[in-house]
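The values are calculated or read from the model by the stated rules, or taken from the named source; none is laboratory data. On a predicted model such as this, the values are computed, not experimentally measured, just so you know. Glycine also receives a Cβ, built like all others from the backbone with ideal geometry; neighbour counts cover every protein chain displayed. Surface accessibility is based on the protein's heavy atoms, side chains included, excluding ligands, DNA and RNA. Shrake-Rupley method; radii C 1.70, N 1.55, O 1.52, S 1.80 Å.
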Amino acid sequence: QVQLVEVGGGLVQAGGSLRLSCLASGRTFFSYAMAWFRQTPGNEREFVAVIRWTDRHTDYADSVKGRFTISRDISKNTVYLQMNSLKPEDTAVYYCAADAAYYGPSGSEYDYWGQGTQVTVSS
């Protein structure tokens, strides 16, 4: 079993930056891929970014490319999402996800999820 805890959300003005952290505990393997998704009320969960635990290969949603950076620290079992040049449309609850075998943008493939952290970007 893997537990994921996100921290770092909050309120920021447009153009500002935030860094989210996701700490993984429990049964953590190097083969895990970890990802960030986000969701707004009434909408489906949206893929944001993913990182492969072993070689740090990453992919991003087009909407965040060039603004967001996903990274990981193996020694701390933590994945980060650095968010720069934030826009009001980035406002959402951000979720961390992990899986032992899947790497990609499909949320239904991830077995483990955090509780989410609210990010609000004011205009």
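At a glance:
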| read-out | value |
| --- | --- |
| Residues within the stretch 73-108 that are charged (D, E, K, R) and at pLDDT below 95, tallied | 3 |
| Members of the stretch 78-110 found to be over 12 Å from A33 (Cα atoms), open to solvent by 50 Å² or more (accessible area, probe 1.4 Å) and over 12 Å from the mean Cα position of the chain (by Cα), listed by number | N84, S85, K87, P88, E89, S108 |
| Count of residues meeting criterion [more than 11 Å from the chain's Cα centre (by Cα) and surrounded by 15 or more Cβ atoms within 10 Å (Cβ to Cβ)] in the stretch 34-45 | 2 |
| Neighbours by Cβ (under 8 Å, 6+ apart or cross-chain): first from the stretch 46-58, open to solvent by 80 Å² or more (accessible area, probe 1.4 Å); second of a type in the set (K, R) | R56/R72 |
| Evaluation of L11 against (1) open to solvent by 80 Å² or more (accessible area, probe 1.4 Å); (2) within 14 Å of Y94 (Cβ to Cβ); (3) part of a loop (DSSP other than H, G, I, E, B) (one fails), failing number | (3) |
| Extreme residue, farthest from Y110 (Cα to Cα), among residues of the stretch 59-77 that are part of a loop (DSSP other than H, G, I, E, B) and open to solvent by less than 60 Å² (accessible area, probe 1.4 Å) | R67 |
| Meets criteria (touching a residue at least 12 places away in the same chain (Cβ under 8 Å), within 12 Å of E46 (Cα to Cα) and not acidic (D, E)) for V93 | yes |
